[in-house]
Amino acid sequence: MSDASARLDTLRERIDQLDSDILQKISERAQCASDVAEVKLAEDPGALFYRPEREAQVLRRIMAANKGPLSDEEMARLFREVMSACLALEKPVKVAYLGPEGTFTQQAALKHFGESAVSLPMAAIDEVFREVEAGAANYGVVPVENSTEGVVNHTLDTFLESSIHICGEVVLRIHHHLLVGENTRRDKISRIYSHPQSFAQCRKWLDAHYPQAERVAVASNAEASRLVRTEWHSAAIAGDMAGKLYGLEVIADKVEDRPDNSTRFLIIGSRDAPFSGNDKTSLVVAMRNQPGALHDLLEPFHRHRIDMTRLETRPSRSGVWNYVFFIDFVGHHEEPHITAMLDEVRLRAADLKVLGSYPQGVL
């Protein structure tokens, strides 16, 4: 046996031993999770098992302690799946998302909750809200903004009429691919299906490569993928999950115009999350229609040195030419300096509603 073969055998034996050690430790962790469930249920039959602030703290600690060679994010994803499987032993988490199956929103839901979560596709954003409000789902996942196409107004508008809270966020890198079915004649593609926002995010690429093709907007990229399965002259722009779900082939990958194309999704639930140490707060404010109203709104943020990360304006439902402001800022609403700032804004505003404080996205 050569020296190289002997060394490979030694390394493989070491890997086998490490696999056994990892298996044992995961089993021990799963048993500990089951024990936690017993303690919680004995104290409170309606106890919460998923704790967003706790999971965020664990993942941050893992990433801080990671010494490679796997990247921090890759290591955190591995632990996310372990945590998801252990949580399913306690009580499976039901997550409603903007469907159908195969959308980027489902991909965001699985990224945040792990593959062991029970994902429930909904036909519209307001249905995701209703499912959570009714208790049929523990949490919901809805898109709120894209880095190139801006905010999802329907999501913001739904918060105006809902008592639901924001309890988390997840940012997903969006990669679009040109997909075809097994019957497609690639040199004869004359029609391309996709969601309107996907068309907008791939406009320049399409103009350069398929300027003559008809662009047909549909309700989702998953629907686009379903439509092209049996058509010989059509293609779809969609993501990996939709392509795999419908058995399509990628003939051009990453066709989005901007390489940093990302979408932010919100996790909604019946309550917001406790302080985690690295949080964000979202709120909606209605100001009186008077000169200097915007200055009055923003001045306390500046004086208290609070980092505002987003400010959006939407028409109010209460009257013509009245507007409300959706605001994101760094910090938790229970922190003393944040509470003081919000009290000041509340005195100046016609109405103020804290939508939720939640851990800033880890993955």
Look at E223 and say whether it is assigned to a helix (DSSP H, G or I) and crowded, with 16+ Cβ neighbours inside 10 Å. yes
Whichever residue in segment 58-85 is open to solvent by 70 Å² or more (accessible area, probe 1.4 Å) and either touching a residue at least 40 places away in the same chain (Cβ under 8 Å) or in a loop (DSSP other than H, G, I, E, B) (or both) and, among such residues, is nearest to Y139 (Cα to Cα): R77
Give the number of residues within segment 102-115 that are open to solvent by less than 20 Å² (accessible area, probe 1.4 Å) and either out of contact with any Ser or Thr (no Cβ under 8 Å at 6 or more places or on another chain) or in a loop (DSSP other than H, G, I, E, B) (or both). 4
Looking at segment 186-197, is at least one residue surrounded by fewer than 20 Cβ atoms within 10 Å (Cβ to Cβ), closer than 30 Å to T313 by Cβ and at pLDDT 95 or above? no
Quick one: what pairs do we get from segment 18-33, first residue over 18 Å from M83 (Cβ atoms), second assigned to a helix (DSSP H, G or I) and open to solvent by 80 Å² or more (accessible area, probe 1.4 Å), C-beta under 7 Å, 6+ apart or different chains? none
D343 vs (1) in contact with a strand residue (DSSP E or B) (Cβ under 9 Å, 6 or more places away or on another chain); (2) in a helix (DSSP H, G or I); (3) open to solvent by 50 Å² or more (accessible area, probe 1.4 Å): all pass except (1)
Can you tell me which residues in segment 201-215 are out of contact with any helix residue (DSSP H, G or I) (no Cβ under 7 Å at 6 or more places or on another chain) and open to solvent by 20 Å² or more (accessible area, probe 1.4 Å)? R203, K204, W205, D207, A208, H209, Y210, P211, Q212, E214
Residues of segment 1-36 satisfying the condition of being open to solvent by less than 60 Å² (accessible area, probe 1.4 Å), farther than 23 Å from P359 by Cα and under 30 Å from the mean Cα position of the chain (by Cα): A30, S34
Look at V118 and say whether it is surrounded by fewer than 19 Cβ atoms within 10 Å (Cβ to Cβ), closer than 25 Å to H332 by Cα, touching a residue at least 24 places away in the same chain (Cβ under 8 Å) and within 16 Å of the chain's Cα centre (by Cα). no
Within segment 86-101, track down each residue that is modelled with pLDDT of 95 or more and either aliphatic (A, V, I, L, M) or surrounded by fewer than 13 Cβ atoms within 10 Å (Cβ to Cβ) (or both). V95, A96
I'd like to check something: does segment 248-267 contain any residue that is exposed (fewer than 14 other Cβ atoms within 10 Å of the Cβ), under 27 Å from N153 (Cα atoms), in contact (Cβ under 8 Å) with a residue 12 or more places away in the chain and acidic (D, E)? yes
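The values are calculated or read from the model by the stated rules, or taken from the named source; none is laboratory data. The structure presented is a predicted model; accordingly, all values stated were derived computationally and were not measured. Reconstructed Cβ throughout: ideal geometry from the backbone, glycine too, with neighbour counts over all protein chains shown. For accessibility, only protein heavy atoms count, side chains too; no ligands or nucleic acids. Shrake-Rupley method; radii C 1.70, N 1.55, O 1.52, S 1.80 Å.
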